[in-house]
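Each remark here refers to the structure printed beneath this line.
No value in this document is a laboratory result; all are computed from the given coordinates. Nothing here was measured: the structure is a model prediction, and the numbers come from that model. No Cβ is skipped: glycine too gets one built from the backbone with ideal geometry, and neighbour counts run over all protein chains shown.
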Amino acid sequence: MTAHAAEPTPAVPPMPERNPKALREAIAEHAPQLLADFDEHWKWAVADAYDISTVPAFMARWWGQYAIARDPRLDAHVTDLEQRAAESTDITEARTLLEEASNIRHQVRRLEPGQ
């Protein structure tokens, strides 16, 4: 019987510099499934609005989205929590699952560039 080495865990890319251009480049490279939504949101929330005051809120949202999406295991875990909550018939269980997903989303927003 031959032992098989475990599949290597792909490295989670570091967080980019905290600016829209660097975040967009990181999304394009490591989480391209988010890119169309990122660009669309940027267009209506910042570019078409001619309002740079919306950039901090935009960055907060997409910083967290990317932080989760760049890590396939974390992304799958958060998706699983939210799916289980949506399917649960027990309000207490659903609340607990959504609180865990929410806590993860809040934690990743505190990540710094390079982490």
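What do you get for trypsin sites (Lys or Arg not before Pro) in region 16-87 restricted to DSSP loop and a cutoff of at most 16 other Cβ within 10 Å of the site's Cβ?
Passing both the DSSP loop test and the Cβ count: Arg18.
Roughly how many debye, to the nearest 20, is the charge dipole of region 20-108 about its Cα centre, given +1 on each Lys and Arg Cβ, -1 on each Asp and Glu Cβ, and no other charges?
Roughly 280 debye, rounded to the nearest 20.
Output ³J(HN,Hα) for region 19-31: one whole-Hz value per residue in order, computed from phi by the Karplus curve 6.51 cos²θ - 1.76 cosθ + 1.60 with θ = phi - 60°, and x for Gly and Pro.
These are the phi-based 3J(HN,Hα) values: 8, x, 5, 5, 5, 4, 4, 5, 4, 4, 7, 10, 9 Hz.
Rounded to the nearest 500, what is the chain's calculated 222 nm mean residue ellipticity when only DSSP H runs of at least 4 contribute -39500 (n - 2.57) each, over all residues?
Here the helix-only value at 222 nm equals -19000 deg cm²/dmol.
Over the chain, what relative contact order in percent results from Cα pairs under 8 Å that are six or more residues apart?
Answer for the chain is 32 percent.
Using Cα atoms only, what is the angle between the long axis of helix 72-87 and the major principal axis of the chain, expressed in degrees (0 to 90) to the nearest 10?
Tilt of helix 72-87: around 80 degrees.
Just to confirm the filter: which chymotrypsin sites (Phe, Trp or Tyr not before Pro) across region 44-80 are DSSP coil and have at most 11 other Cβ within 10 angstrom of their Cβ?
Taking region 44-80 and a limit of 11 other Cβ atoms within 10 Å, the loop chymotrypsin sites (Phe, Trp or Tyr not before Pro) found are Tyr50.
Would you work out which of Gln33, Thr79, Trp44 lies farthest towards the positive end of the dipole of region 20-108, given +1 charges on the beta-carbon of Lys and Arg and -1 on that of Asp and Glu, about the Cα centre?
With unit charges placed on the Cβ atoms, the residue in question is Trp44.
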